1. Does region 241-277 hold any residues that are among the charged types (D, E, K, R) and farther than 17 Å from residue 228 by Cα, and which are they?
2. Output yes when any residue across region 90-102 is out of contact with any helix residue (DSSP H, G or I) (no Cβ under 6 Å at 6 or more places or on another chain) and either surrounded by 24 or more Cβ atoms within 10 Å (Cβ to Cβ) or closer than 24 Å to residue 175 by Cβ (or both), and no when none is.
3. Do we find that residue 128 is out of contact with any strand residue (DSSP E or B) (no Cβ under 6 Å at 6 or more places or on another chain), of a type in the set (A, V, I, L, M, F, W, C) and part of a helix (DSSP H, G or I) in this structure?
4. Exactly one of (1) surrounded by 11 or more Cβ atoms within 10 Å (Cβ to Cβ); (2) outside the structural domain of residue 152 (by TED's automatic domain parsing) is unmet by residue 266. Its number?
5. Just to be sure I understand, how many residues within region 107-131 are crowded, with 22+ Cβ neighbours inside 10 Å, farther than 24 Å from residue 159 by Cα and of a type in the set (Phe, Trp, Tyr)?
6. Out of 260, 246, report the one residue that is out of contact with any Ser or Thr (no Cβ under 7 Å at 6 or more places or on another chain) and either surrounded by 11 or more Cβ atoms within 10 Å (Cβ to Cβ) or over 22 Å from residue 110 (Cα atoms) (or both).
7. Tell me yes or no: at least one residue of region 50-72 is part of a helix (DSSP H, G or I), modelled with pLDDT of 95 or more and hydroxyl-bearing (Ser, Thr, Tyr).
Amino acid sequence: MPKHTKLVHQRFHVLATCRYYFFTLVLQLVALARNTERSKDNLEDEFIQNPRYVIEDAIKARDLPRLLAKAGELHGHFCPFLALGVKAAVQAVNELGVSSTGMEEVIAIIETNNCFSDGVQFVTGCSFGNNALIYRDYGKTAFTLAKRNGEAVRVSVKDISRFWEEREPGAQRLFQKVVIERQGTNEDQRRLRENWRRIGFTMLDIPDDELFDVTRVAIRVPAYSRIFASVKCSICGENVMEPRTRVQNGQPVCIPCSGREYNQLAGDGISLARKED
């Protein structure tokens, strides 16, 4: 075969091969686009049916870093006790084999109002808003996750202070200065957030039995939340839940207008408070 003819054949072969791979790639991209569109539709349907499906998949896979990253969006920062709340809640959810649709079929009873409780709320799906979260002002970093039949798991945090100093020497002193004394500089606050982030994500790798005491318990689960009628306050005109009204001169009034004491959950726990003038 003449040399130039051979060269033409070689070039034709190269072009044919390139064209083959080009069209193969195009077909693959078209198929991928169609599958992606199908997947998108499926994901939208799944999201409509269960808005928590991404969280639940991460729980089943024990993808703790992903869960902590998302919990940080709710909590506002990363810290050791947020990580503990996430980790403890994953342990309890998997132990009981439950998931929440926010309809009180699963109940979480928290015993503290520190950062731990946000991790618990995020992972379990039990919140004040869906009436599946019960707060008991015990001051303990612990919570109980329960089914409607009373089958439950209680998870309490062991003394983990040593982990702080082992992983971030000086973190406790920085915490004292920034959070407790409220005297840290902007740089101190930045350093504490960075320390907290490192400690929090590192703690995810610590075995559960080094961090928690886990106990199977049977509890009495409160009845489903009642739906109350609304009554208009005779003074301010705002609607108020009927059992929260007070009566003055034979007319219903809301608690603020009545001037009476009410229960308040603040940073230091539950206390009685009165509307300030």
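1. First pass over region 241-277, keeping only residues among the charged types (D, E, K, R): 242, 244, 246, 260-261, 268, 274-277.
Result: 260, 261, 268, 274, 275, 276, 277.
2. Yes, there is a match, as at least one residue in region 90-102 is out of contact with any helix residue (DSSP H, G or I) (no Cβ under 6 Å at 6 or more places or on another chain) and either surrounded by 24 or more Cβ atoms within 10 Å (Cβ to Cβ) or closer than 24 Å to residue 175 by Cβ (or both).
3. Numbers: out of contact with any strand residue (DSSP E or B) (no Cβ under 6 Å at 6 or more places or on another chain): yes; of a type in the set (A, V, I, L, M, F, W, C): yes; part of a helix (DSSP H, G or I): no.
The answer is no for residue 128.
4. So residue 266 meets the others, but not (1).
5. Result for region 107-131: 0.
6. Details: 246 fails: out of contact with any Ser or Thr (no Cβ under 7 Å at 6 or more places or on another chain).
The unique qualifying residue is 260.
7. No, every residue in region 50-72 fails to be part of a helix (DSSP H, G or I), modelled with pLDDT of 95 or more and hydroxyl-bearing (Ser, Thr, Tyr).
The values are calculated or read from the model by the stated rules, or taken from the named source; none is laboratory data. Note that the coordinates shown come from a computational prediction; the quantities given were computed from them, not determined experimentally. For neighbour counting, all protein chains shown are included, and Cβ atoms are generated from backbone atoms with ideal geometry for every residue, glycine included.
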